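Below is one structure, written out as structure tokens, with a few remarks after it.
The values are calculated or read from the model by the stated rules, or taken from the named source; none is laboratory data. These numbers were taken from a predicted model, which means no experiment stands behind them. All Cβ positions, glycine included, derive from the backbone under ideal geometry; neighbour counts span all protein chains shown. Surface areas here come from the heavy atoms of the whole protein model, side chains and all, with no ligands, DNA or RNA. Shrake-Rupley method; radii C 1.70, N 1.55, O 1.52, S 1.80 Å.
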Amino acid sequence: MCVVKADAYGHGLAECARLLREDGTGWFGVTCVEEAVALRGICPEARILVMSGVWRGEAEAAIEHRLTPAVWEPFHLEWLDKAARRQGLGASEFPVHLEIDTGMSRQGVGLADLKALLERFEAGSPLRVEAVMTHFHSAGDRKATTGQIREFGAAVDAICKRGLPPDFLSAGSSGSTLQQDTEVVTELAERIGARRMLRAGIALYGYAPGGGVSDGREKTALEPVLAWKTRVISLREIPVGTTVGYDATFRAQRTTRLALLPVGYADGLNRLLSGDPRKPGSVLVRGQRAPIAGRVSMDQTTVDVTDIAGVEIGDEVALIGEQGAERITADDMAALTSTISYEVLCDIGARVPRRMVE
Ligand SMILES: *Cc1c(COP(=O)(O)O)cnc(C)c1O
């Protein structure tokens, strides 16, 4: 399953879904019904998992658009059951993915409450357990997933015993895809005549969950697919002692050439990249690193190009991407802002146009 929630991790849902569909993807994962309905408009035939279930009033749309909700609350089953019957679906005609909580404690039913929940799939119900799913807190780390898989196995056994054998066991995200720490789940699936489903997100976009694209420690074969570019829209030279930006955090120590970029924190360029003037984030101009000078504003950022020869208005600037021998990744940006590549990518704002290039 290709996870394309949050606008395909900030990459653009329409562009990514179309490409993945052309590549043969049959299953997509999104977070909510709203995202799923948008995706349905792009991919009329694909299967779409709604990973955060349904909320009040959404069951009708879930059925109408042939979405596949993750379910774990009794009220999910109640709402979907009612809506499915209202829309004339017969027994077992509406597949759902039953989520088991094995250690994330976010969503999913725990083993203790599973039996009571299963009773709601009585004969004649339009709902059918197509998949049993769970989510690993440390996908890719065999030691950490072992306990979760044991719980998951117990839940799967209980579900099969109740006469509800699933078609899929859905467990594991990018970490498990890259590290193959969860073959046990595949074996479990084979044992009960089901297929294994992995839900890959960040890896599709060229990043490993724990970083490692660019730090050389945990090299994978992944290449980031996104470059985030802007251009120089103004240039100025300021004399020694001149301040730059809000709070005057930068004061020129020499005659300084500044380039203005039309991008700021409203576009997802984190203000923390200018949090410490001694260790600023940087961008690439003419194949060289230009440090951010002064605060990142809402819509604008100034960079110091004093040491880069020949910078002109209109020059392309890479915020994330490659120029010559230099490269900045979402992992690099994440390291400077105490977060993970996921957040950097998802934060790229809605007003930044996404363009698909070869
Ligand atoms: C986001 C998400 C995934 C994908 O995770 P990655 O680490 O991006 O591969 C898989 N399953 C669920 C339930 C998720 O919420």
Treating only the Cβ atoms of Lys and Arg (+1) and Asp and Glu (-1) as charged, compute the dipole magnitude of the stretch 261-327 about its Cα centre; round to the nearest 20 debye. 320 debye
Mind checking the per residue accessible area of the stretch 141-243 for me, 1.4 Å probe, whole number of Å²? 51 Å²
For Ile48, enumerate residues with amide H under 5 Å from its amide H, sequence gap 5+ or separate chain, H modeled in the peptide plane. Phe28, Thr68
Once Arg191 and Ala221 are pulled to full extension, the length gained, defined as 0.36 nm per residue separation minus their Cα-Cα distance, is 7.6 nm
Pop a pseudo-label 7 angstrom from the Cα along the beta-carbon direction at both Glu151 and Thr242 and give the gap in nm to one decimal. 5.9 nm
Accessible solvent surface per residue of the stretch 273-358, calculated while the other protein chains remain in place, 1.4 angstrom probe, Å²: 51 Å²
Please list 325-333, 340-348 highest first by mean number of surrounding beta-carbon atoms within 10 Å per residue. 340-348, 325-333
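Of all the accessible heavy-atom surface of the chain, with the other protein chains kept in place and a 1.4 Å probe, what percent is carbon and sulfur?
Summing carbon and sulfur atoms, their accessible area is 49 percent of the total for the chain.
So if R0 is 51 Å, what FRET efficiency would His137 and Ile233 give, r being the distance between their Cβ atoms, rounded to the nearest 0.05?
Efficiency computed from Cβ-Cβ geometry: 0.70.
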Give the percent of DSSP beta bridges with both residues in the chain that are antiparallel, rounded to the nearest 5. 50 percent
Please tell me the relative contact order of the stretch 96-254 in percent, rounded to the nearest whole number, where contacts are Cα pairs under 8 Å and at least six residues apart. 16 percent
Return one number: the angle in degrees, 0 to 90 and rounded to the nearest 10, between the long axis of the Cα atoms of helix 33-42 and the longest principal axis of the Cα atoms of the chain. 80 degrees
At R0 = 25 Å, how high is the FRET efficiency between Asp167 and Ala123 if r is their beta carbon distance? Nearest 0.05 is fine. 0.85
Under 17 Å from the Cα of Lys161 - lysines, other chains or at least 8 residues apart: Lys115
For the chain, with only Lys/Arg (+1) and Asp/Glu (-1) charged at the beta-carbon, what is the dipole magnitude about the Cα centre, in debye rounded to 20? 320 debye
Determine which residues of the stretch 94-118 fall in the zone a paramagnetic label at Glu34 would reach in this model, i.e. backbone nitrogen under 17 Å from the point 7 Å along Cα→Cβ. none
So for the chain, using the alpha carbon gyration tensor with a ≥ b ≥ c as root eigenvalues (a/c under 1.5 gives rounded; past that, a/b versus b/c decides prolate or oblate), I'd call it prolate
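Over the chain, what relative contact order in percent results from Cα pairs under 8 Å that are six or more residues apart?
12 percent
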Accessible area per residue in Å² at 1.4 Å probe, computed on the stretch 34-90: 46 Å²
Can you give the FRET efficiency to the nearest 0.05 for Leu272 and Glu326, using r as the Cβ-Cβ distance and R₀ = 22 Å? 0.55
